[in-house]
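Scroll down for the structure; my scribbles are underneath it.
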Amino acid sequence: AQSVTQLGSHVSVSEGALVLLRCNYSSSVPPYLFWYVQYPNQGLQLLLKYTSAATLVKGINGFEAEFKKSETSFHLTKPSAHMSDAAEYFCAVSDPNNDMRFGAGTRLTVKP
Amino acid sequence: DTGVSQNPRHKITKRGQNVTFRCDPISEHNRLYWYRQTLGQGPEFLTYFQNEAQLEKSRLLSDRFSAERPKGSFSTLEIQRTEQGDSAMYLCASSRLLGTEAFFGQGTRLTVV
């Protein structure tokens, strides 16, 4: 079965600094990969998705992620953090034969 | 398109009582998922439906849990004889096709006292 590992349960950056949230996946077939964001007491909102087209995927709010098959990674980046980016971020994997599975999440804190 | 709707948003119940949650997916979506999320954790897969058929159930889904999706429309998740360990956020999501993104509802927060 597919799975996801998010490295770092907490990441803290200063406003304006680079955001890098790490995600590694395991899948026996070519995966679909997703990043979701969750604000307190809310459901999950899709940031971006990879579905075997371009390996560099751009999402909402200035986020992007790069699919690297050789590293089985799908790290999320944003060049310049804003205070409003503070939230919980989840990486998820699915494939044509299975449902969607999530990582444990990374809490992003943005310091002024 | 009003998105995925979950009711109620909050539920407080006494231990041993039964509770039922409802999820209304996006209308043209044929896949529906239930997840459970506890504080500081990612969503844990519980079960999913393809139309009205329940295709997979997690080992987390004990015999106290049951889910239905009659006629492939809305879904209900029932927990019988609730325990304090059932306290969590229960998330519902729906998707159009295999492997496409899932759209989430706001969740139902269950507190068992």
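Since every read-out is calculated from the coordinates, none of them should be taken as a lab result. Here the structure is a predicted model, which means the values were calculated and not measured. As a convention, Cβ positions derive from the backbone with ideal geometry for all residues, glycine included, and neighbour counts pool all protein chains shown.
Averaged over the residues of peptide B:40-50, the number of Cβ atoms from other protein chains lying within 10 Å of each residue's Cβ is 5.
With viscosity 0.692 mPa s and temperature 37 °C, the Kirkwood radius over alpha carbon pairs of the range B:10-113 converts through Stokes-Einstein to a diffusion coefficient of 238 µm²/s. Look at the alpha carbon pairs under 8 Å that are at least 6 residues apart: their mean separation over the length of chain A gives a relative contact order of 38 percent. DSSP bridge analysis restricted to chain B gives an antiparallel fraction near 90%, rounded to the nearest 5.
If the cut-off is 18 Å between C-alpha atoms, which lysines fall inside it for A:LYS49, apart from same-chain ones fewer than 8 positions away? Correct list for A:LYS49: A:LYS58, A:LYS68, A:LYS69, A:LYS78. Couplings 3J(HN,Hα) of the range A:54-69, computed from phi: 5, 6, 9, 10, 9, x, 7, 6, x, 7, 8, 9, 10, 7, 10, 4 Hz, in residue order, whole Hz [Karplus 6.51 cos²θ - 1.76 cosθ + 1.60, θ = phi - 60°; x for Gly and Pro].
When only alpha carbons of the protein assembly as shown are considered, Rg and Dmax amount to 17.5, 51 Å.
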